[in-house]
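The values are calculated or read from the model by the stated rules, or taken from the named source; none is laboratory data. Values in this document were obtained by computation on a predicted structure and should not be read as measured data. Counting neighbours? That spans all protein chains shown, and the Cβs are built from the backbone with ideal geometry, glycine included. SASA here: full protein model, heavy atoms, side chains in, ligands and nucleic acids out. Shrake-Rupley method; radii C 1.70, N 1.55, O 1.52, S 1.80 Å.
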Amino acid sequence: LPSALFFGLLQPHPAAQRLLIHFCRQQDTKTLREFLYHADQPLEAASLAAAEGYRAETLSQRTRGLALARQFYEVAAARAPLGVAASLSFSPAGDTGASHHAALMAHATGEQLRLLTAQLTLEQETAGAPPPPAAAALAPGRWRFVDLPLNETLFRCFVYGQAPYAERLRLELRVPERRWWRIKVRGLAQLRDWPALWLFYNSARRPPLSAAAFAEAAIANGAPAEAARYAPRMPPAEAVPLLLQCGEASAARAIALANKDKNPELLRRVSAHLGAAP
């Protein structure tokens, strides 16, 4: 008996439908997915397909599951549940809110598919190569990129020498500028590529991140001398503590003296640091 005909025979019998659903949830998710779609419940079918994808044993099966889920979400976004859908009480009767939710889920699933595809490419590009020194601090795992969130994927692109791919992925997934700058600063600092970090800071007339963010990244990676390089680009109230932290007390004192009338606290802070009376 064809599935469509079988499902049609069940349509006047909600109790039988529920029994089928209960059985299929335990034994046959493929049939359950088909029934949900036939019952005008593409949103439920999409959720099931996505869950199956993430439970799959292989990444290719996961990709197929997510692609199918996106298709179901797109159908759900285009039309509201009808007929038997409401009687099964899976979700609220079709309204604009449900359609909007389905559209958001279709977009999010598409973004996840693009990210997974990119991660698989990155796995292939870095396969067989020994981890670079900058990767020593990263948590070990089965994969270098797969199953990571977008931010961490972009960061690891820098660590594994895939910076051009990070730039491409940033554009494809429309990463906000400020977030991108934070990720790139972290990545370049992890690589200890100080010339590239300095060049990046000076690449914009008005960087979305302050000089302090660059200095903090350098300090976090054990490079106080590089951090001190950003002090002239910072307000005195930020530059003096930074220079003291970097062991540049003379430079900190010079800035404090230059600003003693406007901010006498800076000079007292330098003196306290040096162990002398203000």
> Contour minus end-to-end for K262 and L274, with contour as 0.36 nm per residue of separation and end-to-end as the Cα-Cα distance?
Replying inline: 2.2 nm
> Over region 149-249, what is the mean sequence separation of C-alpha contacts under 8 Å (at least six apart), divided by residue count, expressed as relative contact order in percent?
Replying inline: 19 percent
>> Please state the shape class of region 203-258: rounded when a/c is under 1.5, otherwise prolate if a/b exceeds b/c and oblate if not, all from the C-alpha gyration tensor.
In response: oblate
>> For the pair S210/E111, report the inter-label distance in nm, with labels modelled 7 Å from Cα in the Cβ direction.
In response: 2.8 nm
>> Taking 25 Å as R0, compute the FRET efficiency from the Cβ-Cβ separation of A135 and R168 and round it to 0.05.
In response: 0.75
>> If each residue of separation counts as 0.36 nm, what is the full-extension length gain between Q124 and N202 once their alpha-carbon separation is subtracted?
In response: 24.7 nm
>> So the label point goes 7 Å from the Cα of E177 along Cα→C-beta, right? Which residues of region 196-234 then have their backbone N under 17 Å from it?
In response: 200-211
>> Quick check: at a probe of 1.4 Å, how many percent of the accessible area of region 146-249 sits on carbon and sulfur atoms?
In response: 50 percent
> Roughly what would the spin-label model give for R192 and N151, points 7 Å off Cα along C-beta, in nm?
Replying inline: 2.6 nm
>> To check my understanding: the extent here is largest minus smallest coordinate of the Cα atoms along each principal axis. What are those three numbers for region 129-197, in Å, largest first?
In response: 31, 30, 17
